[in-house]
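The values are calculated or read from the model by the stated rules, or taken from the named source; none is laboratory data. Nothing here was measured: the structure is a model prediction, and the numbers come from that model. Methodologically, a virtual Cβ is constructed for each residue, glycine included, from the backbone with ideal geometry; neighbour enumeration extends over all protein chains shown. Remember, those area values only see protein heavy atoms, side chains included, never the ligands or the DNA or RNA. Shrake-Rupley method; radii C 1.70, N 1.55, O 1.52, S 1.80 Å.
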Amino acid sequence: MSGTEYLGVKMTVNRRPVAVDVTGDERLLDTLRTRLRLTGAKEGCGVGECGACTVILNGRAVNSCLVLTAQCDGAEIETVEGLANGDALHPLQDAFIQHGAVQCGFCTPGMLMTAKALLDRKPDPSRDEIREAIAGNLCRCTGYEQIIRAIESVAKGGGRQ
Ligand code: FES
Ligand code: FES
């Protein structure tokens, strides 16, 4: 009789080294939320359609509900918890507040991480590029305009990371 097999995974999460033992089918979303208590990434659909679970994996925004933790050995992961610098919010977080881009807030962590990945890659994106980047992040509250304006305001401010 064989027991459950666990795989050792070492990764960097929000600039800190993390080591976990996981089964081969554990999703990154569950590792983050349950083991590491990083509950910013949300589970909406669980099938890659809503973007609520978006985190940055090796510089790219991904749906963490579709990523297996076992695939993340050696990876660098950023979650919404890593955005602020101490008490100072990240410019995107400030902009979301100022532009009314946070209503119920369920989509916000995923939107922020998608926006950060975009601006890290392309500091001054066009409005169409912003729309395209957030196309996989659903928001039931804002109608998207405030979110787009918030991202634009940071991009135009120099598009810092
Ligand atoms: S929960 Fe991952 S895309 Fe919806
Ligand atoms: S603010 Fe409610 S889903 Fe986007």
Fill in: Unit charges on C-beta of K, R, D, E only; dipole of the stretch 1-150, Debye
220 debye
Worksheet item: Lys/Arg Cβ at +1, Asp/Glu Cβ at -1, dipole of the chain taken about the Cα centre: which of T39, N58, G100 is farthest positive-ward?
Response: G100
Worksheet item: Out of every Cα-Cα pair in the stretch 1-154, what percent are more than 25 Å apart?
Response: 28 percent
Worksheet, complete the sentence: Averaged per residue, the 1.4 Å probe accessible area of the stretch 110-154, protein heavy atoms only, in Å², is roughly 47 Å²
Fill in: Expected 222 nm ellipticity per residue - DSSP helices of 4 or more, -39500 (n - 2.57), all of the chain, to 500
-7500 deg cm²/dmol
Response to the item:
Quick note, the stretch 1-88: a/c under 1.5 would make it rounded; otherwise a/b > b/c is prolate and the rest oblate (a ≥ b ≥ c, C-alpha gyration tensor); here it is oblate
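Report the full-extension gain for the segment A135 to L66: residue separation times 0.36 nm, less the Cα-Cα distance, to one decimal in nm.
23.1 nm
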Worksheet, complete the sentence: With +1 on the Cβ of every Lys and Arg and -1 on the Cβ of every Asp and Glu, the dipole magnitude of the stretch 84-161 about its Cα centre, in debye rounded to the nearest 20, is 60 debye
Item to complete: For the stretch 43-55, take each phi angle, set θ = phi - 60°, evaluate the Karplus expression 6.51 cos²θ - 1.76 cosθ + 1.60, and give the result in whole Hz per residue in order, putting x for glycine and proline.
Response: 9, x, 8, x, 10, x, 10, 10, x, 5, 9, 5, 9
Discussion item. Would the stretch 76-161 count as rounded, prolate or oblate if I go by the C-alpha gyration tensor, calling it rounded below 1.5 in a/c and otherwise prolate when a/b exceeds b/c, oblate otherwise?
Written reply: rounded
Practice prompt. Kindly report the accessible area of the stretch 40-99 per residue (heavy atoms of protein chains, probe 1.4 Å, no ligands, DNA or RNA), in Å².
Written response: 47 Å²
Worksheet, complete the sentence: The answer for trypsin sites (Lys or Arg not before Pro) in the stretch 42-145 that fall in a DSSP coil and have at most 14 neighbouring Cβ atoms within 10 Å is R140
Fill in: Protein accessible area in the stretch 13-161, 1.4 Å probe - carbon and sulfur %
46 percent
Worksheet item: In nm, to one decimal, how far is the modelled label at A75 from the one at R35, with both set 7 Å along Cα→Cβ?
Response: 1.2 nm
Worksheet item: Stretch E49-C104 to full length: gain in nm at 0.36 nm per residue minus the Cα-Cα span?
Response: 17.9 nm
Worksheet item: Once amide H atoms are placed 1.01 Å from N in the peptide plane, what residues at a sequence separation of 5 or more from A75, or on another chain, have their amide H within under 5 Å of its amide H?
Response: T12
Item to complete: Write out the GluC sites (Glu not before Pro) in the stretch 29-132 meeting two conditions: DSSP loop, and at most 13 other Cβ atoms within 10 Å of their Cβ.
Response: E49
Worksheet, complete the sentence: Once phi for every residue in the stretch 65-75 is put through the Karplus expression 6.51 cos²θ - 1.76 cosθ + 1.60 (θ = phi - 60°), the whole-Hz ³J(HN,Hα) values, with Gly and Pro written as x, are 6, 10, 10, 8, 4, 4, 7, 9, 4, x, 7
